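The values are calculated or read from the model by the stated rules, or taken from the named source; none is laboratory data. Worth saying up front: this structure is predicted, and the values here are computed from it rather than measured. Here Cβ is always computed from backbone atoms with ideal geometry, including for glycine, and neighbour counts include all displayed protein chains.
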């Protein structure tokens, strides 16, 4: 048939118009098509991998992403001379670094466009073993932070003649600032007395490095390194210290069968969440179950297999219910318990057994001291933690607790958890929740196993401060740095001898409380009444700490803080009250060694100033090798932005101790170039090379690096991450190593000849200073490292707690009735339901993060602020809202009331959002909201008039030799100020996310009211990166500054600020606006004093030491004599 | 050579009709070219063809029908018919893209106004270009190239057009509301089947 029609179709030749004229002509066979064929690009790649192999990182061509929106090469071809309208091809140098927008240190790569010498994008680092090429929203925000139009472009100094907080600023030079600050530091240190060693304080927010600045403070001989930890996680760390003498948990999410989250942390915000979420997803894909215990239905809880909303602070009761069932239903892993619980210590401590009997913790004395007797004792002790009891105390329905037990048993020894913030950080005594969690996990033998729970120090690398062999004075690993012989009561007050970290949030209270100072001075201590220098770093204590008005009072007082400076890249509430603000870099603009325990391995990332690295790899050399990062950032147009490593090298050598008389200069003087500060490459080559043998071996045997001057540094410069050791399980069973007459345990060497084995198999030996230490344990003839505890086992009986007046809490315990709750109030949350007596009283849960907010630093990233708008209301249970007459969107007054002193702290006004996603009787409102500023703009005209030097004349282009040959001379010095690109003399303050407020304070009462929201604006600086800055639809209000209303609540044991509050809800009054706060900070001082005086058990005239010697005293190494104390009666 | 010219012209004509709405200029050809009218008998006989003004004919009859047949009701894309999930592959994984690229063809979407390269109008135009290329090779005496181009046409017909276009064209024929598109669907269906037989026979005869 069709062949017949063929003849018909032949007629087609007779068309009057040829087909060629009829067709639309949809094909082009011109340069566009050829350009695709001649390129490496295709629309059908073999792999969808984002990342090219490492050998292409120095020069990687990639199609421009923006042009893809036009349809890609299929429509336009590849850009070339013949095809100018094609898709642009970028020539990138890919430089690895690490994120700094939370604590996880996920890998990043900066894609540096060679033609413009700008970072076109930040992506993940596929070589990073924890983050595996992935990042969260905060990671990608690094770029918007780098090109933030409001970033501080040069060192700022409070204008002469103005007072702190007036907001008058001038541009200064790095040299002037370093001379002034360095002299003040040097003069203070030179006094040499105890008080001066406590008076130059560094106060770190998120450290995001493993030991560098602490090492600086150690070489300065100061006990005044302070951290934010006690507003963060110390109640989460205390159980780890008491149980394993370690700093924190280390889970193995990826191999777990039961993922037991004690909060929204880990999976949707907070610690390591991006890496954790990936590992948790891996595990769930393999069939793991997830339990989330949180009074608020977080994102994680919403995705969990079981959501348990327990009344805040009662979590220990749930764990002990599990323990009861495990013990009494004979589900205990007896082999593990016998081997690794310190049962012998308890069973041989008759005094304590008598105490337990007397207090009713056990009903009968054990008949023997064997393991079976121990098991009988545990069964007896935990029998009262019945289902009925747990339901009553926690308000969790019985069926959920029974389900939890089933899942717990089903998971065997593959139960992974992470004890950190949330419950622990919110509640007084909630450290016991973590301890009880470890207890029942231990009963199941799930400690150190694959898929189980382990501890931090085996899974982390801390070498940032150990580059000493590159210096004249420090010696390898800092061995020659003198130990510090003083104890700072401002950071380690005598009332909290077991405080996990420094009592940092009480700093303004302790400086204000002259009666407290006098009390301890009269008793023989030397308590500072002021600070000579106060240096917060990337920290915003005014905003984030409780009782912010007290911070402002003290920061403004030049008699209490004589000189202040913040090393900060962005504006903050705290910076406003500083004498100097010195801009140091963000994630892609600084060097840090940073490692975290995110899975059972030891990895480190290497944070780098990526534009400097790109310049150096292209052949550029800094004029001043000690200020290379500063020069590079000026060349890149970021402004006079530096980094801390080079800043402190230079400070120590040339400004604090320029003549070397303090012994500090030599500590940071380069061994290769005596008289000059050590360089980045010298320091990190030593820090990594001296301490990570596998890395060193790899680097020096790699032909790409073996001929480099600093091969180990160069390896990490190119890779950005390294894993020294993987699959670290049951590390406590590692056998002691013997070499050359020495015995090695946990990496430390001891005299093998001095080794002895004591009670319960504990092995002791002498260190190089002749001090005897517990170094291991012998079990069944095997000499193992064990845990870091005194008994080298898991101490579920913490015998040393009895020496510090906390005998009743030496075992995992939770009050079993109202009488015990009154007697053992230290373990009862200050927001326990027993305190909720009024019909409008609630427990306010404050401790959770919004996954896209970074404490202080989000406000300089437009997309993070945009997606977080209006996300911090008060979550209130639907029926509670109904009962009190609150509807969605209503303004409420949230009045904070202290349950120890009974005092009111004031109130904040917040928006009601009724929801089924919060436990009845509790509220939720993250304390990460309520940023404010006092003005929209700051004008610093001399920032223009002083910047006369053009940083370079050649166009910014990494392939331009002229550009590579140039570098600004005398950088940081007077007369060498550089022009700042597109800087007009006036810049905004956090224009993407912080509204303007009016602030009033009179020494006793403070108020804050927002007066103006943010608006769109035309960005002048970095305009190409901020083309949509006019598109701002939100007003910037991110919640109420509730932290300022909060009074400090120091946990009597851990020292943690317990964040939750008892609150009374009232309708808003006429004139109230969401965001308003009213604070009685005079009362707040009294609240802190009440917690201190009514709850703590501090040093007394019987005390001989300040703190147990064997537990961690973070940051600087103290001489043993610093622990000694004599308190007058 | 006449046969080749005829095939090229017919592919061109069908491509244009299937690709986009008609315009007055092409409509004139369709109304006046006697050979074309012979191919489209119902259109030829349709009263409105001559009684309605061309612009009105387009706006009120033909273009609404075209819109229904290629945008609203039917889906003139290969991947819609060949993928199990009936999704049109608009990205680089479209199976025709590689073939076009192999012969240095690239679809200019701004001209074509289609969502992907496997639109029936684009595939028919590709056949037209292959015929044109074969003609050029024949005229230049490059027998190898001419033979190869003929084989490409055969392959393209069998791996693409014939895999799905008959289904679309049958649907088109029965969904059409104007004689023009009714005839065009039938003509296209018959032509591609016939052309395949022609090519099969010619290739079998080739030395």
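Before moving on, here are some points about what is shown:
- Subset of segment A:595-612 (residues that are crowded, with 24+ Cβ neighbours inside 10 Å and not in a loop (DSSP other than H, G, I, E, B)): A:603, A:604, A:605, A:606, A:607, A:610, A:611, A:612
- Some residue of segment A:709-716 being buried (at least 17 other Cβ atoms within 10 Å of the Cβ), outside any loop (DSSP other than H, G, I, E, B), under 30 Å from the mean Cα position of the chain (by Cα) and in contact (Cβ under 8 Å) with a residue 40 or more places away in the chain: yes
- Segment A:67-80, subset part of a helix (DSSP H, G or I) and within 13 Å of chain B (Cβ to nearest Cβ), residue modelled with the lowest pLDDT: A:68
- Residue under evaluation residue A:93, criteria (1) surrounded by fewer than 19 Cβ atoms within 10 Å (Cβ to Cβ); (2) away from every other protein chain (no Cβ under 14 Å), criterion not met: (1)
- Residue match in segment A:894-909 (condition: in contact with a helix residue (DSSP H, G or I) (Cβ under 8 Å, 6 or more places away or on another chain) and either farther than 30 Å from residue A:232 by Cβ or free of Cβ contacts under 8 Å to residues at least 12 places away in the same chain (or both)): no
- Test: residue in segment B:71-93 that is within 12 Å of chain A (Cβ to nearest Cβ), under 19 Å from residue B:165 (Cα atoms) and either part of a helix (DSSP H, G or I) or touching a residue at least 12 places away in the same chain (Cβ under 8 Å) (or both): yes
- Of all residues in segment A:352-364 being more than 39 Å from the chain's Cα centre (by Cα) and in a loop (DSSP other than H, G, I, E, B), the one that is nearest to residue A:405 (Cα to Cα): A:362
- Here segment B:105-120 is the region considered, the condition is being part of a helix (DSSP H, G or I) and more than 7 Å from every other protein chain (Cβ to nearest Cβ), and the residue that is surrounded by the most Cβ atoms within 10 Å (Cβ to Cβ) is B:120.
- Checked against the criterion of being outside any loop (DSSP other than H, G, I, E, B), out of contact with any strand residue (DSSP E or B) (no Cβ under 8 Å at 6 or more places or on another chain) and surrounded by 24 or more Cβ atoms within 10 Å (Cβ to Cβ), the candidates A:428, A:435 yield just one match: A:435.
- Taken as a whole, the condition of being surrounded by fewer than 21 Cβ atoms within 10 Å (Cβ to Cβ), within 14 Å of chain A (Cβ to nearest Cβ) and over 30 Å from residue A:74 (Cα atoms) applies to residue B:200.
- Within segment A:240-323, strands (runs of 3 or more DSSP E) holding 2 or more residues that are without any contact (Cβ under 8 Å) to a residue 12 or more places away in the chain and crowded, with 24+ Cβ neighbours inside 10 Å: none
- Considering residues of segment A:43-66 that are touching a helix residue (DSSP H, G or I) at 6+ places or on another chain (Cβ under 8 Å) and within 14 Å of chain B (Cβ to nearest Cβ) only, the residue surrounded by the fewest Cβ atoms within 10 Å (Cβ to Cβ): A:44
- Residue B:179 vs. criteria more than 14 Å from chain A (Cβ to nearest Cβ) and crowded, with 17+ Cβ neighbours inside 10 Å: yes
- Total residues in segment A:398-412, condition touching a residue at least 12 places away in the same chain (Cβ under 8 Å) and in a helix (DSSP H, G or I): 10
- Residues in segment A:365-397 that are in a loop (DSSP other than H, G, I, E, B), free of Cβ contacts under 8 Å to residues at least 40 places away in the same chain and under 37 Å from the mean Cα position of the chain (by Cα): 1 in all.
- Filtered residues of segment A:626-642 (kept if in a helix (DSSP H, G or I), touching a residue at least 40 places away in the same chain (Cβ under 8 Å) and farther than 30 Å from residue A:724 by Cα): A:627, A:630, A:631, A:633, A:634, A:635, A:636
- Matching option when the condition is assigned to a helix (DSSP H, G or I), facing another protein chain (nearest Cβ under 10 Å), at pLDDT 80 or above and more than 30 Å from residue A:702 (Cβ to Cβ), among A:33, A:21: A:21
- In segment B:99-138, of all residues being over 29 Å from residue B:22 (Cα atoms) and free of Cβ contacts under 8 Å to residues at least 24 places away in the same chain, the one that is nearest to the chain's Cα centre (by Cα) corresponds to B:102.
- On inspection, residue B:167 passes the criterion of being touching a helix residue (DSSP H, G or I) at 6+ places or on another chain (Cβ under 8 Å) and away from chain A (no Cβ under 14 Å).
Let's see how each residue does on (1) surrounded by 18 or more Cβ atoms within 10 Å (Cβ to Cβ); (2) within 14 Å of another protein chain (Cβ to nearest Cβ); (3) within 22 Å of residue B:40 (Cβ to Cβ):
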| residue | (1), (2), (3) |
| --- | --- |
| B:123 | yes, yes, yes |
| B:127 | yes, yes, yes |
| B:132 | yes, yes, no |
| B:135 | yes, yes, no |
| B:150 | yes, no, no |
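- Some residue of segment A:721-730 being buried (at least 16 other Cβ atoms within 10 Å of the Cβ) and part of a helix (DSSP H, G or I): no
- Across segment A:105-126, the qualifying residues are those that are assigned to a loop (DSSP other than H, G, I, E, B) and over 16 Å from residue A:274 (Cβ atoms), and the one among them that is farthest from the chain's Cα centre (by Cα) is A:115.
- Subset tally (residues that are outside any loop (DSSP other than H, G, I, E, B) and surrounded by 23 or more Cβ atoms within 10 Å (Cβ to Cβ)) for segment A:215-226: 7
- All of A:859, A:843, A:881 fail the test of being within 29 Å of residue A:1071 (Cβ to Cβ) and at pLDDT below 95, apart from A:859.
- If you go through segment B:26-66 and keep only what is assigned to a loop (DSSP other than H, G, I, E, B) and within 14 Å of another protein chain (Cβ to nearest Cβ), you end up with B:33, B:40.
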